[in-house]
Amino acid sequence: MLGYFHYLCSRKRRTPSSAVGLGHGAIIRIILFFFRLKTFEELGVSEEIRRAITELGFESPMPVQEEVIPYLLGNRNDVIALAQTGTGKTAAFGIPVLQRIDTRCRDTQALVLSPTRELCLQIADDLKDFSKYMGGVNIVPVYGGTSIENQVRALRHGAQVIVATPGRLIDLKNRGVAKLGGVGNVVLDEADEMLNMGFSDSINEIFESLPENRNTLLFSATMSREVEKIAKSYLRDHKEIVVGSRNEGAENVNHVYYMVSAKDKYLALKRVVDYYPRIFAIIFCRTKRETQEVADKLIRDGYNAESLHGDLSQQQRDLTMQKFRQHLTQLLVATDVAARGLDVDDLTHVINFGMPDDIESYTHRSGRTGRAGKKGTSIAIVHSRERSKIRAVEKQIGKQFVEGKLPTPQEICTKQLYKVMDEIVKVDVNEEEIAPFMDEINRHFEFIDKEDVIKKMVSREFGRFLAYYADAPEIEQSAGRGEKKERRSAERGAGGRRKAEQGYRRLFINLGKADGFYPGELMQFVNRNMREGRQEIGAIDLMSKMAYFEVPEKDAEKVMRALDGTTYKGRQVRCNDADRGNSGSRRGGRKDDKYGDKGKQSRRRDDANAPRKERKGRKGNDGKADNGNNEDWRQFFNKGGNDVRLVGEEPDFSEEGWARRKPKK
């Protein structure tokens, strides 16, 4: 085929087209004949649905649609489709499901399950758009958080397609309203997320009410063990369709991370948003509380932002999503669950305000952008303790994160200035509307130069950024891949101790793993003894018999006072500043620690029992013969019978002395 094409091209070059009769148009038609894309008509899609999707802008099927649509149009064809969000999944299952509907029958013939209310409504709206010219098709979304009575009335009126969240569907089924005995097509959209949210038992209960003779389609962005378990239980002789590779990230998404200290994450977020003046993004947070806090800060700082999380009422969530889809809101701060499956056009960025706990959540987050062949960027703002999560995600999705350098205040102001100038230039002037006011305007600006007018206009629009970034705090980025080795020595002070993160103080506590004192227990112990609510805790280093942890500088004295002198499982607790030399093996250490007083007595006993020759031949660190009285180091200062009093902390030579040279047996 390719050889024939090359022959035609070479023939075209050697012979005038008028003589041969083969022009550019003919060659293009031949190429299209051999390499043409499939059409929806060739996939077997009905004329009514083709007309509707053409109006929606569908031109040719996407890969997942080419695979799934013809297969689902058959009987008893079960499918597992692994595809990222933005690859056309809704049309892939929605078109064949609608085409198999018997419009003369009002019974429920298709069921679509989704994990969240927002996704449920979105799927229902898409299916209504696809069935615009079918006539007689009733699609009813049912979900929690709203009146069940309205949904009961809608189902009693007749619904050939039910789009539902599992919990609400079970309620309606138990009331005898949702009758699933005639369902011929079942779709589980975002199956991995449904299982992560704990819907496994609900899904099992729903499938027990479905007939055996049905098509089952399971859509998932990742293939987890739980998804495979569901597939083995309810799918028979299923076909697995993979668009891309298993568990990979979206193809058109770039992944960037900024490594900053924990206290600077919000400042870094502001810089990223300011650097992209036309950003249209979802900012993902881990908890509902963090989501609301970040949204409130952005709104207070003058950004066009809204929050979306489970504590909002359904009416509030619907209004928020409507404003975001219409681009009336620029930044949507959301939790993973609330934003699951959202399909928003032209999303430029996804910003992770910290990495999620599991890789699948990151895959779903980044899939919000880069949809339908467009480019997108997924940004992660993380601190150094999340570095391992970046590596794990890279390994899973098969793509490498680019380490980003935060834009400087000058770069941000330059970008914003260009935006202001561009907006001024593009303003449409309605001559008729402003004509009556022009005389007054000209008199008002009569004594002001054109240059001064421009300066004042730009300053008015641009002043907020200049004022903020004139005194903007410095953001210190943590070491990246290349700087890791150089930074490691800088993170530790003299004696190999780790330095506290900037803005934090490192504290010592005489409890460790041997006491069953692990990170969770440490945080609970601190919070139990703090009377002013939850205490923020940074890095934690656990050892066998002691631990170090970091708290904000302003809280350090308060935490030490709260913990020092308390008891834990019958033991007295000591907590002090680790960087002042009064912790660990020196003064604050445990009595039974290997560098404590008991340890010194034990070493003296071992030394006394050692053979005389061995004791005589021992040498100190300087290589000189030891006189066997290393423990009494004061002899070097008390010559002549004068009792010399030393100032400061008492030295401890045990670590470099007897602790490393026990007597040979």
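The values are calculated or read from the model by the stated rules, or taken from the named source; none is laboratory data. Remember, it's a predicted structure, so these values are computed and weren't measured experimentally. Counting neighbours? That spans all protein chains shown, and the Cβs are built from the backbone with ideal geometry, glycine included. In case anyone asks, the SASA skips ligands and DNA or RNA and just uses the protein heavy atoms, side chains included. Shrake-Rupley method; radii C 1.70, N 1.55, O 1.52, S 1.80 Å.
Worth a mention:
- Applying the set (1) among the hydroxyl-bearing types (Ser, Thr, Tyr); (2) outside any strand (DSSP E or B); (3) modelled with pLDDT of 85 or more to SER233 leaves exactly one unmet item: (3).
- Residue match in segment 280-294 (condition: open to solvent by less than 10 Å² (accessible area, probe 1.4 Å), within 26 Å of LEU406 (Cβ to Cβ) and in contact with a Pro (Cβ under 9 Å, 6 or more places away or on another chain)): yes
- Of all residues in segment 550-560, those satisfying the criterion of being closer than 16 Å to MET523 by Cα and either exposed (fewer than 12 other Cβ atoms within 10 Å of the Cβ) or of a type in the set (A, V, I, L, M) (or both) are VAL551, ALA556, VAL559, MET560.
- Candidates GLY516, GLY565, GLY512, filtered to the one that is touching a Lys or Arg at 6+ places or on another chain (Cβ under 9 Å), modelled with pLDDT of 85 or more and at positive phi: GLY565
- Residue match in segment 203-213 (condition: at pLDDT 90 or above and assigned to a strand (DSSP E or B)): no
- Top-ranked residue of segment 177-202 - restricted to ones that are in a loop (DSSP other than H, G, I, E, B) and within 30 Å of the chain's Cα centre (by Cα), ranked as modelled with the highest pLDDT: ASP189
- Residue satisfying all of: in segment 370-397; at pLDDT below 80 and in contact with a Gly (Cβ under 7 Å, 6 or more places away or on another chain); most open to solvent (accessible area, probe 1.4 Å) among these: ALA372
- Tallying residues that are open to solvent by 40 Å² or more (accessible area, probe 1.4 Å) and under 18 Å from GLN122 (Cβ atoms) within segment 143-180 yields 2.
- Among residues of segment 422-447 that are closer than 21 Å to VAL458 by Cβ, those with a Cβ under 7 angstrom from a residue that is open to solvent by 80 Å² or more (accessible area, probe 1.4 Å) and at pLDDT below 80, sequence gap 6+ or separate chain, pair up as ILE424/MET457.
- Residue check for ARG464: open to solvent by 80 Å² or more (accessible area, probe 1.4 Å), over 26 Å from the mean Cα position of the chain (by Cα), modelled with pLDDT of 75 or more and not hydrophobic (A, V, I, L, M, F, W, C): no
- Among the numbered conditions (1) open to solvent by less than 80 Å² (accessible area, probe 1.4 Å); (2) at pLDDT below 80; (3) part of a helix (DSSP H, G or I), the only one that VAL64 does not meet is (2).
- Any chance ALA380 is of a type in the set (Gly, Ala, Ser) and assigned to a strand (DSSP E or B): yes
- Of all the criteria given as (1) modelled with pLDDT of 85 or more; (2) exposed (fewer than 12 other Cβ atoms within 10 Å of the Cβ), the one not satisfied by GLY482 is (1).
- Residue in segment 121-140 that is closer than 25 Å to SER46 by Cβ, without any contact (Cβ under 8 Å) to a residue 12 or more places away in the chain, outside any loop (DSSP other than H, G, I, E, B) and not basic (Lys, Arg) present: yes
- For the residues ILE31, ILE27, the requirement of being at pLDDT below 85 and in contact with a Cys (Cβ under 8 Å, 6 or more places away or on another chain) singles out ILE27.
- When restricted to residues that are outside any helix (DSSP H, G or I) and at pLDDT 90 or above, segment 149-174 contains 7.
- Qualifying residue in segment 525-533 (condition: of a type in the set (Asp, Glu), open to solvent by 60 Å² or more (accessible area, probe 1.4 Å), farther than 22 Å from ASP579 by Cα and at pLDDT below 80): yes
- Candidate set from segment 106-125 (those that are at pLDDT 90 or above and open to solvent by 40 Å² or more (accessible area, probe 1.4 Å)); member that is nearest to GLY74 (Cα to Cα): ASP107
- Residue check for THR408: surrounded by 12 or more Cβ atoms within 10 Å (Cβ to Cβ), more than 21 Å from the chain's Cα centre (by Cα) and modelled with pLDDT of 85 or more: yes
- Put simply, of VAL337, VAL333, VAL344, VAL350 the only residue that is in contact (Cβ under 8 Å) with a residue 24 or more places away in the chain, closer than 26 Å to GLY88 by Cα and open to solvent by 60 Å² or more (accessible area, probe 1.4 Å) is VAL337.
- Checking SER313, SER307 one by one, the residue that is at pLDDT 80 or above, open to solvent by 10 Å² or more (accessible area, probe 1.4 Å) and under 28 Å from VAL393 (Cβ atoms) is SER307 and no other.
- Cβ separations smaller than 6 Å between residues 6+ apart or across chains give the following pairs from segment 509-533 residues that are in contact (Cβ under 8 Å) with a residue 60 or more places away in the chain to residues that are in a loop (DSSP other than H, G, I, E, B): ASN510/MET546; ASN510/ARG574; ASN510/ARG590; LEU511/PHE517.
- When the test is whether a residue is part of a helix (DSSP H, G or I) and open to solvent by 100 Å² or more (accessible area, probe 1.4 Å), PHE447 does not pass it.
- Output for segment 285-300, where each listed residue is modelled with pLDDT of 90 or more and closer than 9 Å to PHE353 by Cβ: CYS285, GLU290, THR291, VAL294
- Note on segment 337-368: residues that are modelled with pLDDT of 80 or more and of a type in the set (Asp, Glu) total 1.
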